[in-house]
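Take a look at the structure below.
The values are calculated or read from the model by the stated rules, or taken from the named source; none is laboratory data. In this text the structure is predicted, and so the values were computed from the model without any measurement. Glycine gets a Cβ as well: all are built from the backbone with ideal geometry, and neighbour counts include every protein chain shown.
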Amino acid sequence: MPGTLLALHAHPDDESSKGACTVAKYVAQGTRAVLVTATGGEAGDILNPEMDSPEVAANLAEVRAAELADAAEIIGYNDIVMLGYRDSGMPGSDANEHPSAFCRQPYDDVLERLVGVVRRERPDVVLGYDAHEFYPHPDHLRVHELSMALATAAADENRYPDSGDPWQIQKLYAPVFTLERITVLHNAMLESVGESPFEMWLDRLDGIEEPSRKLTSVDVTGLVDVGRDALRAHRTQVDPDGFWFAVPTDVVEAVYPWEDFELLHSSVGWNEGESDLFAGVV
Ligand SMILES: [Zn+2]
């Protein structure tokens with residue numbers, strides 16, 4: 001540290017719901033942070049009744065770009081790279097059939113563009129996505145596939161020689177919601193207010209075990225509100241009275257003041273119990 005961190009996300013707002021407090025923590029310590037957002041989020045529903053108007057719906061891409069800029073500033077990102085692909089929507093929707101949809105672009109072309117961004121920005125640590133089995137949005141699945149290929153491709157001088165000098169990403173992680181986190185927050189809500197916003201999640205996850213994976217948990221005490229403020233900046237996408245804000249900040253910080261990241265790749269090893277995404281980075 002300080003070093004450079006690059007976060008790859010599918011849509012505007014994903015950077016605020018996944019790992020935002022951790023990025024804010026590193027930026028505050030002098031790390032340079034670059035946000036890469038694949039799509040404009042054009043297929044998103046307007047989930048905040050206050051923002052649901054025909055004007056907003058007709059200009060959703062512009063509105064969401066402005067929201068993203070606000071959120072990125074709150075988190076502290078130094079740069080935003082918009083890849084400019086179209087939101088693929090869910091399978092079966094019109095957005096999903098659109099020829100410009102992110103999931104319909106040739107995989108190799110997209111990987112080459114990302115490799116170019118990585119070789120230019122030279123991040124030590126990259127955030128991507130894990131397999132995302134609980135939220136199979138086509139754009140998230142595609143970011144997962146790209147994440148798994150990115151470190152090897154960017155470091156290989158024989159691949160995409162016209163897209164910059166090879167660059168070794170030292171660590172690549174995915175922000176994850178562990179079952180443990182959901183369960184701890186769920187129980188804390190039942191104890192403190194008698195009801196929990198995670199009821200439905202836990203029903204859906206019934207019978208599923210915590211996958212075995214290499215986890216790094218970053219302490220974000222004092223920063224939970226930064227992530228929430230960034231999420232609120234996505235005015236069309238989040239209901240200010242909704243799910244994301246249901247657990248009071250002080251409850252989160254009292255019982256689970258961490259964000260969890262699954263290690264997807266490392267060129268510098270990994271040790272059980274690591275609490276720093278830059279651990280071992282040289
Ligand atoms: Zn998304």
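Listed values, structure above:
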| read-out | value |
| --- | --- |
| Residue within the range 139-148 that is touching a Phe, Trp or Tyr at 6+ places or on another chain (Cβ under 8 Å), among the basic types (Lys, Arg) and under 18 Å from residue 9 (Cβ atoms) present | yes |
| Top-ranked residue of the range 197-246 - restricted to ones that are among the hydroxyl-bearing types (Ser, Thr, Tyr) and touching a helix residue (DSSP H, G or I) at 6+ places or on another chain (Cβ under 6 Å), ranked as modelled with the highest pLDDT | 221 |
| Subset tally (residues that are within 8 Å of the ligand (Cβ to nearest atom) and assigned to a strand (DSSP E or B)) for the range 3-21 | 1 |
| Residues of the range 34-63 satisfying the condition of being within 13 Å of the ligand (Cβ to nearest atom) and not hydroxyl-bearing (Ser, Thr, Tyr) | 38, 40, 41, 42, 43, 44, 45, 47 |
| Hey, residue 42 surrounded by fewer than 18 Cβ atoms within 10 Å (Cβ to Cβ) and free of Cβ contacts under 8 Å to residues at least 60 places away in the same chain or not | no |
| Sole residue being crowded, with 19+ Cβ neighbours inside 10 Å and part of a loop (DSSP other than H, G, I, E, B), chosen from 77, 85 | 77 |
| Count of the range 94-127 residues which are more than 19 Å from residue 164 (Cβ to Cβ) and within 16 Å of the chain's Cα centre (by Cα) | 1 |
| Within the range 198-219, tally of residues that are at negative phi and free of Cβ contacts under 8 Å to residues at least 40 places away in the same chain | 12 |
| Candidate set: the range 221-242, residues that are within 23 Å of residue 253 (Cβ to Cβ) and more than 16 Å from the chain's Cα centre (by Cα); chosen: the one surrounded by the fewest Cβ atoms within 10 Å (Cβ to Cβ) | 241 |
| Residues that are surrounded by fewer than 16 Cβ atoms within 10 Å (Cβ to Cβ) and over 17 Å from the mean Cα position of the chain (by Cα), drawn from the range 133-163 | 152, 156, 157, 158, 161, 162 |
| Residue pairs meeting the criteria (Cβ under 9 Å; at least 6 apart or on separate chains; first more than 20 Å from residue 261 (Cα to Cα) and away from the ligand (no atom under 13 Å from the Cβ), in the range 119-138; second modelled with pLDDT of 95 or more and among the charged types (D, E, K, R)) | 119/165; 121/32; 121/79 |
